[in-house]
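Input: a single structure, listed below in structure tokens.
Quick note: the coordinates plus some simple rules give every number you see, no bench work behind them. If you're wondering where the values come from, they're calculated on a predicted model, not measured in any experiment. Heads up, the Cβs are rebuilt from the backbone with ideal geometry, glycines too, and the neighbour counts pull from every protein chain shown.
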Amino acid sequence: MLHLTLRQLIAFESVAKHLSYSRAAEMLHLSQPAVSMQIRQLENVLGLPLFEQLGKKIYLTEAGNEFHHHSHNILEQLNEAETMLAEIKGMRGNLNISVASTASYFTPHLLAEFCQRHTLATVNLSVTNRESLLQRLNNNETDLAIMGRPPDELDADATPFMENHLAIIAPVNHPLANERNIPLSRLAQETFLVREQGSGTRIAMERFFAEKNIRLTTGTEMSTNEAIKQAVQAGMGLGILSLHTISLELETARLMVLDVQNFPIQRHWYVVHRKGKRLTTVASAFKEFLLQKHAT
Ligand code: PGA
């Protein structure tokens, strides 16, 4: 094992980079004799000259050149370790996040990936509907929220990060199952199960049909996506849900998506916080993670 010191490596790296003792000394805030001494000591340890002087210029010797690759790697690795440790120090903390119930179908997967990268971060996830998300933001009870439409009710910073498509779902044996390009007006003959008041899915659905001037027959109201999926399977009516909520049912052919004109309704997921809120390191790292992960 070579008995060299980190100071010697740093001095060598700088002289090799600038090919000048005086410039290296300046960059390291040392005197020139101090830098020369580090290099001399290093050459003694290695038993080979690292630089040669030709005229006024200095050059790396062959051994110097070879050694430079290694010393550069060692210093790079130390740098990486330093960055990683700084990140761990900064990432020790709790992420307080509230998401719309529909977003709970994908948020845990994103959190799992984030927590694998930042092992000291802990998470407090609260799942609720749009209305109480707004309340939580308003009362400063959450760092971040994930919701399906930026809130007009609050002065908020809302950034879209992922698409969210709402589709009409039906049991696989529904009479419209094999129809293509079903006109919207045909839906007036069907009964729809709807999410509760305050749900973003419900608001989006109502706006959509109001704009198209179509009156839907809405029967039963249910407060979870799961209940709607079960009721649709059981033949109580059709449902309008985010595609995020039904991947399993589509895979196992328990539900199907009807091919209706103007569908799916195209929406986005937003990561939201109050304007001016000072995000914790963990919260701003998670926001950054969402935006990078889904950057197109
Ligand atoms: P939600 O979803 O219907 O579960 O409240 C929020 C949204 O889609 O805006």
Next item on the list: List every residue whose amide H lies under 5 Å from the amide H of ILE168, counting only residues 5 or more places away in sequence or on a different chain, with H placed 1.01 Å from N in the peptide plane.
Entry: LEU258
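Report the FRET efficiency, 1/(1 + (r/R0)^6), for LYS89 and LEU291, where r is their Cβ-Cβ distance and R0 is 30 Å, rounded to 0.05. Display every interim value, and only then the final one.
Working: r = 23 Å, r/R0 = 0.77.
The calculated FRET efficiency here is 0.80.
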Check: GNM, the chain, Cα, under 10 Å: largest mean-square fluctuation among SER36, SER284, SER199?
Finding: SER36
Next item on the list: Anything over 23 Å Cα to Cα? Flag those among LYS17/LYS57; LYS17/LYS89; LYS89/LYS287, in the order listed.
Entry: LYS17/LYS89
Next item on the list: Could you work out how far apart the two model spin labels at ARG23 and ASN124 are, taking each label as a point 7 Å from the Cα in the direction of the beta carbon, and quote it in nm?
Entry: 5.4
Next item on the list: With both partners inside the chain, how many of the DSSP beta bridges are antiparallel, as a percent to the nearest 5?
Entry: 55
Next item on the list: With everything on Cα atoms, drop me the angle between helix 6-18 and the longest principal axis of the chain, reported from 0 to 90° to the nearest 10.
Entry: 90
Checklist line | 0 to 90° range, to nearest 10: angle between helix 281-293 axis and the chain longest Cα axis | finding: 70
Notebook entry, point to check: Where is the GNM fluctuation largest for the chain (alpha-carbon springs, 10 angstrom cutoff): VAL271, VAL35, VAL172?
Noted result: VAL35
Check: Based only on the alpha carbon positions, what is the Kirkwood hydrodynamic radius of region 163-268, in angstrom?
Finding: 13.6
Next item on the list: Report, in deg cm²/dmol and to the nearest 500, the calculated mean residue ellipticity at 222 nm for the chain, where each DSSP H run with n ≥ 4 adds -39500 (n - 2.57) and the sum is divided by the residue count.
Entry: -13000 deg cm²/dmol
Item checked: Neighbourhood charge, 14 Å Cβ-Cβ cut-off, centred on LYS229 and excluding it, Lys, Arg +1 and Asp, Glu -1 -> -1
Checklist line | Rounded to 10°, Cα long-axis angle of helix 32-46 versus longest principal axis of the chain | finding: 90
Margin query: Can you give the FRET efficiency to the nearest 0.05 for ASN139 and GLU80, using r as the Cβ-Cβ distance and R₀ = 45 Å?
Written below: 0.65
Item checked: Among VAL45, VAL282, VAL99, residue whose mean-square fluctuation peaks in a GNM of the chain (springs only between Cα atoms under 10 Å) -> VAL45
Margin query: Rounded to whole Å, give me the distance from the Cα center of region 220-296 to that of region 84-117.
Written below: 18
Notebook entry, point to check: For region 6-88, what is the charge dipole size about the Cα centre, in debye to the nearest 20, if Lys and Arg each add +1 at the Cβ and Asp and Glu each add -1 at the Cβ?
Noted result: 460
Check: For LEU184 and ARG40 in the same chain, what is the full-extension length gain: residue separation times 0.36 nm, less their Cα-Cα distance, in nm?
Finding: 43.4 nm
Check: Over the chain, what relative contact order in percent results from Cα pairs under 8 Å that are six or more residues apart?
Finding: 21
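Once you have the Cα-Cα distance between THR191 and SER247, take 0.36 nm times their residue separation minus that, and quote the gain in nm to one decimal.
Result: 17.9 nm gained on full extension.
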Check: Which FRET efficiency value, to the nearest 0.05, is calculated for LYS277 and ASN173 with the Förster distance at 35 angstrom and r the Cβ-Cβ distance?
Finding: 0.10
Checklist line | Virtual paramagnetic centre 7 Å along Cα→Cβ of HIS109, amide N under 18 Å, in region 152-195 | finding: 161-167
